[in-house]
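The values are calculated or read from the model by the stated rules, or taken from the named source; none is laboratory data. Since the model is a prediction, treat every value here as computed from it, not as a measurement. Every residue, glycine among them, receives a Cβ derived from its backbone with ideal geometry; neighbour counts consider all protein chains shown. Each accessible area value is taken on the protein alone, full model and side chains, heavy atoms only, with ligands, DNA and RNA left out. Shrake-Rupley method; radii C 1.70, N 1.55, O 1.52, S 1.80 Å.
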Amino acid sequence: MGKIEIAPSILSADAAYLARDIGRVEDAGISYLHIDIMDGHFVPNLSYSPMVVKAIRPLSKLVFDVHLMLAEPLRYAEAFARAGADLITVHAEVVSDAKEAAKILHSYGVKAGISVKPGTPAEVVFDVLGDYDLVLVMSVEPGFGGQKYMDVATEKIAALRRQIIENQLHTLIEVDGGIGIQNAGIPAGAGADILVAGSAVFGADNPSAAIRAMQQAAEKAVR
Ligand code: DX5
Ligand code: ZN
């Protein structure tokens, strides 16, 4: 297990000052910026279009980790790839052929991620883990920031970690929702590589200090 990455979710940033808030985390020793895309159908909320991703692309060197919470993710994936996404994650609940979906995402020149909601068993993605660069375990019901971490995610992370080790895969495990300094050690200890944090980062007085404290808490759990 290498370094635990913290991926700030800009859903909790100040939408009127996105450039400023991205600037506040850009040099906090992170690699990923988590960008939540919502359509009001797959989740009961709306967020950004490819236009916003295109607008912020020049502002950041970070990996744009675009989380598509869309009822029809493959209808829009290419637009997000063109707008500057580096990694696009689709939900297992809405792709009929996950192997084909990974191929399509890779054909756009981006890394491919697949996500499971809290109620979806990890086993649903076991046989496609090798086709994806990343698996995203939702530790909240998707749709909003600021929710509480759901413990059901922890065993799923451990099960995915076992599957990745047993099959000698390189698929990264990302965990998303309700993660802060107090509990970062739980998903990290279960085998996560990347922890998404929205409100714990952008709700903090000093976002980069919050990121560093979360990284330390997470890495303490895996020592
Ligand atoms: C929820 C999003 C998460 C959310 C995380 O649907 O996928 O990325 O922004 O926010 P926090 O860290 O506040 O739970
Ligand atoms: Zn997300």
Could you provide, to the nearest whole Å², the per residue accessible area of the chain with probe 1.4 Å? 44 Å²
What is the dipole size for the stretch 118-193, taken about its Cα centre, with +1 at each Lys and Arg Cβ and -1 at each Asp and Glu Cβ, in debye to the nearest 20? 260 debye
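In what sequence, highest mean first, do 115-121, 146-152, 192-198 appear when ranked by Cβ atoms within 10 angstrom?
Sorting 115-121, 146-152, 192-198 by mean packing, highest first, produces 192-198, 115-121, 146-152.
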Going by amide H atoms built from the backbone, whose H comes under 5 Å of the H on Ala197, apart from near neighbours? Ala7, Ser9
With each label point set 7 Å from Cα along the Cα-Cβ vector, what nm distance links His170 and Glu123? 3.0 nm
Using per-residue counts of other Cβ atoms within 10 Å, averaged over each peptide, order 133-141, 21-29 from highest down. 133-141, 21-29
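Give, rounded to the nearest 20 debye, the magnitude of the charge dipole that the chain has about its Cα centre when Lys and Arg contribute +1 at Cβ and Asp and Glu contribute -1 at Cβ.
On the way: 19 positive and 27 negative charges, 93 e Å.
Using only the charged Cβ atoms, the result is roughly 440 debye.
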Based on alpha-carbon centroids, what's the gap between the stretch 63-90 and the stretch 1-60 in Å, whole number please? 13 Å
Out of the stretch 34-77, which trypsin sites (Lys or Arg not before Pro) are coil in DSSP terms and have no more than 15 other C-beta atoms within 10 Å? Lys61
Quick check on the stretch 7-123: take the gyration tensor over C-alpha atoms, sort the square-rooted eigenvalues as a ≥ b ≥ c, and tell me if it's rounded (a/c under 1.5), prolate or oblate. prolate
Quick one: 3J(HN,Hα) in Hz for the stretch 51-62, Karplus 6.51/-1.76/1.60 with θ = phi - 60°, rounded, Gly and Pro as x. 4, 6, 4, 4, 5, 8, 3, x, 7, 9, 9, 5
Which aspartates and glutamates have a Cα lying under 13 Å from the Cα of Lys99, excluding residues fewer than 8 positions away in the same chain? Asp127, Asp131, Asp133
Would you kindly derive the ³J(HN,Hα) couplings of the stretch 11-17 from the backbone phi angles with the Karplus curve 6.51 cos²θ - 1.76 cosθ + 1.60 (θ = phi - 60°), listing them in order in whole Hz, with x for Gly and Pro? 4, 8, 6, 7, 4, 7, 9
Residue-normalised 222 nm signal for the chain, counting each DSSP H run of n ≥ 4 as -39,500 (n - 2.57), nearest 500 deg cm²/dmol, is -10000 deg cm²/dmol
Vicinal HN-Hα couplings computed from phi for the stretch 118-125 (Karplus, 6.51 cos²θ - 1.76 cosθ + 1.60; Hz; Gly/Pro x): x, x, 9, x, 4, 4, 4, 10
Out of the DSSP beta bridges found with both residues in the chain, what percent are antiparallel (nearest 5)? 5 percent
Could you tell me which of Val152, Ala85, Pro121 has its Cα farthest along the dipole of the stretch 40-156 towards the positive end, charges placed at Cβ (Lys, Arg +1; Asp, Glu -1), taken about the Cα centre? Ala85
Once amide hydrogens are built 1.01 Å from N within the peptide plane, the residues lying 5 or more places from Asn45 or on another chain with amide H under 5 Å from its amide H are Asp39, Gly40
Measuring from centroid to centroid over Cα atoms, what is the spacing of the stretch 97-123 and the stretch 182-207 in Å? 23 Å
